[in-house]
1. Somewhere in region 9-27, is a residue among the β-branched types (Val, Ile, Thr), modelled with pLDDT of 90 or more, surrounded by fewer than 17 Cβ atoms within 10 Å (Cβ to Cβ) and within 24 Å of Val122 (Cα to Cα)?
2. Take the residues in region 32-50 that are closer than 16 Å to Leu13 by Cα and of a type in the set (D, E, K, R); name whichever of them is modelled with the lowest pLDDT.
3. From the set of residues in region 89-114 that are small (Gly, Ala, Ser) and surrounded by fewer than 16 Cβ atoms within 10 Å (Cβ to Cβ), which is farthest from Leu41 (Cα to Cα)?
Amino acid sequence: MIAPQECTALLDLTPLLVHCRLLMSGAADSSLSREISLPRLETLALGLHQVTPGLEYRIIDMLTLPALRRLYIEEEFLGRDPVSKFVSFVSRSQCNLQELHIPVSTMSSDRFRTAVPSLVSVVFDEQYFIDVWKREKSWAEWLYDISTS
(Lines give C-alpha, C1' and ligand atoms only; values in the text may rest on other atoms or scores of the structure.)
Protein backbone atom coordinates (compact mmCIF):
# COMPACT_ATOMS: atom_id res chain seq x y z
CA MET A 1 0.00 0.00 0.00
CA ILE A 2 1.12 3.50 -0.75
CA ALA A 3 -0.10 6.95 0.26
CA PRO A 4 -1.22 9.11 -2.68
CA GLN A 5 1.49 11.67 -1.92
CA GLU A 6 4.18 8.98 -2.16
CA CYS A 7 2.75 7.66 -5.40
CA THR A 8 3.98 10.57 -7.52
CA ALA A 9 7.53 10.27 -6.21
CA LEU A 10 7.51 6.54 -6.92
CA LEU A 11 6.13 6.93 -10.44
CA ASP A 12 8.72 9.61 -11.24
CA LEU A 13 11.40 6.97 -10.67
CA THR A 14 9.83 4.47 -13.09
CA PRO A 15 9.55 6.04 -16.57
CA LEU A 16 10.04 2.66 -18.29
CA LEU A 17 7.32 0.90 -16.30
CA VAL A 18 5.16 -1.46 -18.40
CA HIS A 19 2.75 -2.91 -15.80
CA CYS A 20 1.75 -1.28 -12.52
CA ARG A 21 -0.51 -2.24 -9.64
CA LEU A 22 -1.01 0.44 -6.97
CA LEU A 23 -3.08 0.01 -3.84
CA MET A 24 -3.49 3.40 -2.19
CA SER A 25 -4.41 4.12 1.38
CA GLY A 26 -4.78 7.23 3.45
CA ALA A 27 -6.25 10.62 2.70
CA ALA A 28 -7.29 11.72 -0.76
CA ASP A 29 -4.72 13.25 -3.04
CA SER A 30 -6.55 16.52 -3.75
CA SER A 31 -3.36 18.57 -3.32
CA LEU A 32 -1.55 16.73 -6.10
CA SER A 33 -1.58 18.49 -9.44
CA ARG A 34 1.51 17.85 -11.54
CA GLU A 35 1.52 15.65 -14.61
CA ILE A 36 3.22 12.27 -14.75
CA SER A 37 3.85 10.64 -18.11
CA LEU A 38 4.63 6.94 -18.35
CA PRO A 39 5.08 6.33 -22.09
CA ARG A 40 5.40 2.53 -21.89
CA LEU A 41 2.76 1.64 -19.31
CA GLU A 42 0.36 -0.92 -20.80
CA THR A 43 -1.46 -2.19 -17.70
CA LEU A 44 -2.56 -0.12 -14.72
CA ALA A 45 -4.48 -1.37 -11.70
CA LEU A 46 -5.52 1.31 -9.20
CA GLY A 47 -7.15 0.26 -5.96
CA LEU A 48 -8.09 1.87 -2.68
CA HIS A 49 -7.69 0.46 0.81
CA GLN A 50 -10.03 1.94 3.42
CA VAL A 51 -11.92 4.31 1.15
CA THR A 52 -13.07 7.59 2.69
CA PRO A 53 -16.52 8.35 1.22
CA GLY A 54 -16.87 11.71 -0.50
CA LEU A 55 -13.16 12.31 -1.04
CA GLU A 56 -11.87 12.73 -4.56
CA TYR A 57 -8.74 10.89 -5.60
CA ARG A 58 -7.00 12.87 -8.37
CA ILE A 59 -4.21 10.53 -9.46
CA ILE A 60 -6.01 9.83 -12.74
CA ASP A 61 -5.96 13.59 -13.51
CA MET A 62 -2.17 13.58 -13.29
CA LEU A 63 -1.42 10.57 -15.48
CA THR A 64 -0.70 10.53 -19.20
CA LEU A 65 -0.32 6.94 -20.42
CA PRO A 66 -0.07 6.72 -24.23
CA ALA A 67 0.61 2.95 -24.33
CA LEU A 68 -2.18 1.97 -21.91
CA ARG A 69 -4.23 -1.04 -23.05
CA ARG A 70 -5.75 -2.36 -19.79
CA LEU A 71 -7.12 -0.31 -16.89
CA TYR A 72 -8.37 -1.77 -13.61
CA ILE A 73 -9.73 1.09 -11.54
CA GLU A 74 -12.09 1.71 -8.65
CA GLU A 75 -14.83 4.19 -9.47
CA GLU A 76 -13.71 6.52 -6.66
CA PHE A 77 -10.73 7.48 -8.84
CA LEU A 78 -13.14 8.69 -11.52
CA GLY A 79 -14.89 11.22 -9.30
CA ARG A 80 -18.43 12.52 -9.45
CA ASP A 81 -18.73 12.26 -13.23
CA PRO A 82 -16.97 8.98 -14.03
CA VAL A 83 -17.52 8.93 -17.79
CA SER A 84 -16.32 12.51 -18.35
CA LYS A 85 -13.25 12.03 -16.19
CA PHE A 86 -12.50 8.73 -17.93
CA VAL A 87 -12.87 10.30 -21.39
CA SER A 88 -10.62 13.19 -20.37
CA PHE A 89 -7.96 10.74 -19.17
CA VAL A 90 -8.09 8.64 -22.36
CA SER A 91 -8.07 11.74 -24.59
CA ARG A 92 -5.11 13.26 -22.77
CA SER A 93 -3.23 9.95 -22.93
CA GLN A 94 -4.14 9.37 -26.58
CA CYS A 95 -4.04 5.66 -25.83
CA ASN A 96 -5.75 2.76 -27.55
CA LEU A 97 -7.40 1.47 -24.37
CA GLN A 98 -8.98 -1.93 -24.95
CA GLU A 99 -10.04 -3.14 -21.50
CA LEU A 100 -11.70 -1.32 -18.63
CA HIS A 101 -12.44 -3.12 -15.36
CA ILE A 102 -14.36 -1.41 -12.56
CA PRO A 103 -15.50 -3.47 -9.56
CA VAL A 104 -18.84 -1.74 -9.05
CA SER A 105 -20.26 1.09 -11.11
CA THR A 106 -23.34 3.24 -11.09
CA MET A 107 -22.89 3.68 -14.85
CA SER A 108 -23.72 1.34 -17.71
CA SER A 109 -20.90 -0.20 -19.70
CA ASP A 110 -22.47 1.22 -22.88
CA ARG A 111 -21.72 4.78 -21.74
CA PHE A 112 -18.02 3.94 -21.44
CA ARG A 113 -17.96 2.04 -24.76
CA THR A 114 -19.72 4.85 -26.60
CA ALA A 115 -17.36 7.44 -25.14
CA VAL A 116 -14.20 5.44 -25.98
CA PRO A 117 -14.69 3.38 -29.17
CA SER A 118 -11.37 1.52 -28.79
CA LEU A 119 -12.77 -0.35 -25.76
CA VAL A 120 -13.28 -4.02 -26.55
CA SER A 121 -14.15 -5.05 -23.00
CA VAL A 122 -15.86 -3.20 -20.16
CA VAL A 123 -16.28 -5.33 -17.05
CA PHE A 124 -18.10 -4.45 -13.83
CA ASP A 125 -17.23 -7.36 -11.57
CA GLU A 126 -16.28 -6.90 -7.94
CA GLN A 127 -14.98 -10.45 -7.47
CA TYR A 128 -12.71 -10.23 -10.52
CA PHE A 129 -11.31 -6.95 -9.24
CA ILE A 130 -10.71 -8.42 -5.79
CA ASP A 131 -8.81 -11.24 -7.47
CA VAL A 132 -6.46 -8.67 -9.01
CA TRP A 133 -5.34 -7.78 -5.49
CA LYS A 134 -5.59 -11.10 -3.66
CA ARG A 135 -4.58 -13.64 -6.24
CA GLU A 136 -2.70 -16.70 -5.20
CA LYS A 137 -0.80 -16.31 -8.44
CA SER A 138 2.10 -13.94 -8.73
CA TRP A 139 1.72 -10.63 -10.56
CA ALA A 140 3.71 -12.07 -13.49
CA GLU A 141 1.39 -15.10 -13.75
CA TRP A 142 -1.65 -12.82 -13.61
CA LEU A 143 -0.26 -10.61 -16.39
CA TYR A 144 0.41 -13.69 -18.49
CA ASP A 145 -3.18 -14.87 -17.95
CA ILE A 146 -4.71 -11.57 -19.04
CA SER A 147 -2.40 -11.21 -22.03
CA THR A 148 -3.33 -14.65 -23.37
CA SER A 149 -7.07 -14.46 -22.75
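The values are calculated or read from the model by the stated rules, or taken from the named source; none is laboratory data. Keep in mind it's a predicted model, so treat the numbers as computed, not measured. Neighbour counts run over all protein chains shown; Cβ positions are idealised from the backbone, glycine included.
1. Taking region 9-27 and keeping what is among the β-branched types (Val, Ile, Thr), we get 14, 18.
Imposing the further condition that a residue be modelled with pLDDT of 90 or more reduces the set to 14, 18.
Filter once more, keeping what is surrounded by fewer than 17 Cβ atoms within 10 Å (Cβ to Cβ): 14, 18.
Restricting the remaining residues to those that are within 24 Å of Val122 (Cα to Cα) gives 18.
The answer is yes; a qualifying residue exists.
2. Residue satisfying both the conditions and the ranking: Arg34.
3. Looking at the filtered set, the residue picked out is Ser108.
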